[in-house]
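Peer 1: Dropping a structure here in structure tokens format, bear with me for questions.
The values are calculated or read from the model by the stated rules, or taken from the named source; none is laboratory data. In this text, all values refer to a predicted model and were calculated from it rather than measured experimentally. Glycine also receives a Cβ, built like all others from the backbone with ideal geometry; neighbour counts cover every protein chain displayed. Calculation scope for accessible area: heavy atoms of the full protein, side chains included, ligands and nucleic acids excluded. Shrake-Rupley method; radii C 1.70, N 1.55, O 1.52, S 1.80 Å.
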Amino acid sequence: MDFTIVREKLDQAVALLNEQRLDAWLTFTRETSLTPDPCLDLIAGLGMTWHSAFLIFANGERLAVVGRFDVENIRSIGGYTTVIGYDQSIWPALNAALAHHDPQTIAINYSESDPAADGLTYGMRRALTAGLTGTAYADRLVSAEGYIAALRGRKSATEVARLRAAIGSTQKIFVRLTKWLQPGRTERQIAAFVDNARTALGLDPAWDAAYCPVVNAGPDSAPGHALPGPLKLKPGHLLHLDFGVKQAGYCADLQRNWYVRARGEVRPPAPVQHAWAAGWAAIEAGAAALQPGVAGWEVDAAARAALVAAGYPEYQHAFGHQLGRMTHDGATLLGPRWERYGNAPLGLIEPGQVFTLELGVAVPGHGFIGLEEDVLVTARGLDWLSKPQRRLWLL
């Protein structure tokens, strides 16, 4: 198994502790096949059964306290300076390690806004508190929310390469689909073609297979995360797909659109063309605002204002989300300051983050246009990881 990214993230984890003036980061977990901590893939890439503790210290020490039968697996990663096994109880070794390093601040994995930073269950938090009883460390625990946001969000070079590969594979499947599409195909048939093309490449869906892809054929199809249905693609209809593959552990998330020309049509009718142009103007406005140091909600506001100015209603979702090991990869969100998003839209954009840029426009009588591209934030500007669909594809 290749642990290159795990070692990269462990190095990054130490640097971030010093940057954020934290002494230690503790990931405390158990039985990860049932309740995996989202951070475990970053720093171990392996499942655990017994109580396990992964401690990263600002001085560079990386320590794992795990069950006896997991010791050799963790050592094989090559990123931990100390691996300690136990049989009956984790607490003697864990408390001894804390006493040796004596960290004044220990970041642990809980968050009210970011699911990627909320891996410590309520029961495990109680177990941690009980295990630290009688030590000074129970009162030194702080949320790792901002720390995990930076660790997960700032993609390493290897992570970016894997994202590019997943996006490239997804785009190839769209090319194959375009050659096969014709009027009369149902949403289910279209979804089955995409699923078979993905399977032939030996790749996984980026999200739930039942609606990866999302397929919307014509004006009667329900946009969003609806399952593909029996609706047929007809002349005068828009076809919209939301799809991505997961390749080498990293996801793509793209939306693409086609228009089926009616008899005698050379180009789409004016309402479709206007909606397409308005959607892309909003994407461009959001892309221009997506710069390091800008808050996520400000990027969303720029795109939202452009779409409304073109005469269309606001989309009822965020303009974009981070992309990585999951399609919704947590941390800073390019979304409005709505209650349902918590603090996620308040986060600041940083170089190394990968976002989707997405929004939708309904065209009465024709269907739905959904635009979505994947971009990397750099200090010099945006790197478009996907080849943008600047023109509506015609059938």
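Peer 1: Search the stretch 129-149 for residues being hydrophobic (A, V, I, L, M, F, W, C) and part of a helix (DSSP H, G or I), and hand back the single one that is least open to solvent (accessible area, probe 1.4 Å).
Peer 2: Looking at the filtered set, the residue picked out is Ile148.
Peer 1: For Pro268, are the conditions met, namely being over 28 Å from Arg162 (Cα atoms), over 24 Å from the mean Cα position of the chain (by Cα) and not in a helix (DSSP H, G or I)?
Peer 2: Here the answer is yes, as Pro268 does meet what is asked.
Peer 1: Right, here's the next one. Regarding Val71, is this residue in a strand (DSSP E or B), open to solvent by less than 70 Å² (accessible area, probe 1.4 Å) and free of Cβ contacts under 8 Å to residues at least 40 places away in the same chain?
Peer 2: Taking the combined requirement at face value, the residue does not satisfy it.
Peer 1: Which number in (1) touching a helix residue (DSSP H, G or I) at 6+ places or on another chain (Cβ under 7 Å); (2) open to solvent by less than 60 Å² (accessible area, probe 1.4 Å) marks the one condition that Tyr211 misses?
Peer 2: (1)
Peer 1: For the stretch 14-28, name all the residues that are acidic (Asp, Glu) and either buried (at least 23 other Cβ atoms within 10 Å of the Cβ) or farther than 15 Å from Arg140 by Cα (or both).
Peer 2: Scanning the stretch 14-28 gives a single hit, Glu19.
Peer 1: Just for the stretch 79-128: of the residues that are surrounded by fewer than 21 Cβ atoms within 10 Å (Cβ to Cβ) and modelled with pLDDT under 95, which one is nearest to Leu323 (Cα to Cα)?
Peer 2: Pro115
Peer 1: Tell me which residues, restricted to the stretch 316-346, are in a loop (DSSP other than H, G, I, E, B), small (Gly, Ala, Ser) and at pLDDT 95 or above.
Peer 2: Hits for the stretch 316-346 are Ala318, Gly324, Gly335.
Peer 1: Yes or no: the stretch 368-382 includes at least one residue that is among the β-branched types (Val, Ile, Thr) and out of contact with any strand residue (DSSP E or B) (no Cβ under 8 Å at 6 or more places or on another chain).
Peer 2: Within the stretch 368-382, one or more residues are among the β-branched types (Val, Ile, Thr) and out of contact with any strand residue (DSSP E or B) (no Cβ under 8 Å at 6 or more places or on another chain).
Peer 1: Is the stretch 277-293 home to any residue that is modelled with pLDDT of 95 or more and of a type in the set (Asp, Glu)?
Peer 2: Yes, that holds for at least one residue.
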